[in-house]
Amino acid sequence: MWALSAVGHRRLGAAGSLAIVVGGWFAGKLPVHDPWGLWTDHGSATKAAAAVVAYVGLTVLVVAWWQYGKTASTVRETLVTLAWWTAPFLLAPPLYSADVYSYIAQGAMVVEGHDVYTVGPSALDPAGIGGDAAASVG
């Protein structure tokens with residue numbers, strides 16, 4: 001494939017991670033309510049292009065991971081690589097799934113004393129702790 005060093009694969013994977021995050025900001029699973037104005041609908045063409053960017057980034061990250069595994073790297077180098085590849089995701093919206101909103105809503109239901117097996121997220125107060133997550137389920 002490519003004759004990259006461990007550092008080269010680290011950079012390639014970081015570029016893939018950044019592409020996933022950039023694509024996720026435009027095609028990620030956005031919450032219904034946005035109190036800070038960070039999540040705006042960019043239209044279907046932008047979402048489609050962003051989804052392509054995110055999937056290309058995912059492919060690049062997987063290839064970098066696969067190739068990095070073939071290098072003789074120390075534990076320290078591997079931990080640094082892990083940090084480079086995961087750091088961009090600290091700023092990313094939920095990617096590829098809206099399940100996180102369901103988990104938040106179910107946790108809020110338990111906190112409010114609801115039985116998650118008999119009622120759904122609609123039982124939450126829209127202005128309460130899990131209201132935004134409940135509105136984003138589904």
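The values are calculated or read from the model by the stated rules, or taken from the named source; none is laboratory data. In this text, all values refer to a predicted model and were calculated from it rather than measured experimentally.
Just give me the residues in the range 120-138 being part of a helix (DSSP H, G or I) and among the acidic types (D, E), in sequence order.
Correct list: D132 only.
Given (1) modelled with pLDDT under 90; (2) not in a helix (DSSP H, G or I), where does Y117 come up short, assuming only one miss?
(1)
Which of the residues spanning the range 67-109 are under 23 Å from G131 (Cα atoms), in a helix (DSSP H, G or I) and of a type outside the set (D, E)?
Within the range 67-109, L91, V100, Y101, S102, Y103, I104, A105, Q106, G107, A108, M109 meet the criteria.
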